[in-house]
Amino acid sequence: MILSLKDHYQFLETKNANPELFELINYRITYDTLFLFVLIIGFYEMLTKPGWFKTIIRIFLVCIVLATQLSGFIPIEDFYYGVYNTAWFSSVVVFILALWKIMKKASR
């Protein structure tokens, strides 16, 4: 959440510094949805029992956050959007798994 707020304030500074240029640029805001993706994956991490799978989910979450923050230093074209799409796909899979786990416990 803190990283999303940092990106939002950086966006506002850029918008206020160059308002005439800002209207010409197609600026995709992805930090708010990235926060939701990480939140969904984190929620599923809280539902899982302690073990190796929970550790892998935590490492994956840290990799997503670090990769998005350090994507400017990595010389791969559109690296940020690759990480963003990976987080999107993972959150959809985790959402389905969480629903399955919740429905399984509700049917007992």
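Computed from the coordinates by the stated procedures, all read-outs in this text should not be read as laboratory data. Since the structure is predicted, the reported quantities are computational estimates derived from the model, not experimental observations. So basically every Cβ, Gly included, is an ideal-geometry build from the backbone, and we count neighbours across all protein chains shown.
Numbers below:
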| quantity | calculated |
| --- | --- |
| Measure of compaction for the chain (Cα Rg per 2.2 N^0.38 Å) | 1.31 |
| nm² value of the averaged projected area, convex hull over the Cα atoms of region 40-95 | 3.8 nm² |
| Mean separation of Cα contacts under 8 Å (6+ apart) over length of the chain, as relative contact order % | 31 percent |
| Count, lysine Cα pairs under 16 Å in the chain, 8 or more residues apart or across chains | 5 |
| Difference of contour (0.36 nm per residue) and Cα-Cα distance, THR33 to TYR9 | 7.1 nm |
| Acute angle (nearest 10 degrees) that the helix 52-69 long axis makes with the longest principal axis of the chain, alpha-carbon atoms | 0 degrees |
| Cα long-axis angle, helix 2-17 against the chain (0 to 90 degrees, to the nearest 10) | 20 degrees |
| Residue order, fewest to most beta carbons within 10 Å, for SER91, SER107, SER71 | SER107, SER71, SER91 |
| Contour minus Cα-Cα distance for GLU20 and PHE53 (0.36 nm per residue) | 7.0 nm |
| Cα→Cβ-extended label distance, 7 Å offset, between LEU70 and LYS101, nm | 2.8 nm |
